[in-house]
Amino acid sequence: MSLDDLNREQKRLLKRQGALDEKGAPTRAPRQQPTRERVGPAQYLREVRDEMRKVAWPSRPEVVRYSIIVTATVVAYTAFVGGLDFGLQYVADWFYT
C-alpha cells in the first residue's frame with residue numbers, strides 16, 4: 001500500500017503518531033519507552049483486587065438463566081451434529097454395502 005491509497009484522516013493520524021513528517025514523507029516513529037517500572041507481587045495483587053471491585057458481576061438469577069441457555073444450546077447443537085453424523089453414516093453404508 002502506498003501513501004496515495006490513504007485518505008486525509010489516515011495521513012493526519014500517521015503524522016500525529018510520528019510515522020509521517022510535515023511534508024508527508026514516511027519517517028521512523030520514535031520508539032516509546034515503557035512508562036512504568038515493574039511492580040512487586042504485593043502491589044500487583046492490590047491492583048488486581050482493585051480492578052476486580054470495578055467488575056459488574058451478574059446476579060445469581062442472571063447466572064442461572066445464562067447457564068440454562070448455554071446448556072440448552074449445547075444439547076441442541078450436540079443432537080444436531082449427532083443426527084447429522086448418524087444420517088451421513090446411514091447414507092455412506094447404503095453406498096458401500
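Computed from the coordinates by the stated procedures, all read-outs in this text should not be read as laboratory data. This structure is a prediction, so every number in the text was calculated from the model and none was measured. Cβ atoms come from the backbone with ideal geometry, glycine included; neighbour counts cover every protein chain shown.
Quick notes on this structure:
- Across the chain, Cα pairs under 8 Å and at least six residues apart give a relative contact order of 9 percent.
- q = 0.12 Å⁻¹: log10 I(q)/I(0) that the Debye formula gives for the chain, counting C-alpha atoms only: -0.82
- Screening the chain for whole DSSP H helices with an alpha carbon extent of at least 30 angstrom along the helix axis and a mean Kyte-Doolittle hydropathy of at least -0.5 yields 60-96.
- Under a 5 Å amide H cut-off, with hydrogens placed 1.01 Å from N, THR27 pairs with LEU20, ASP21 among residues at least 5 apart or on other chains.
- Considering only ALA76, ALA56, ALA25, the mean-square fluctuation computed in a Gaussian network model of the chain, springs between alpha carbons under 10 angstrom, is largest for ALA25.
- ARG31/GLU51 FRET efficiency (R0 35 Å; Cβ-Cβ; nearest 0.05): 0.80
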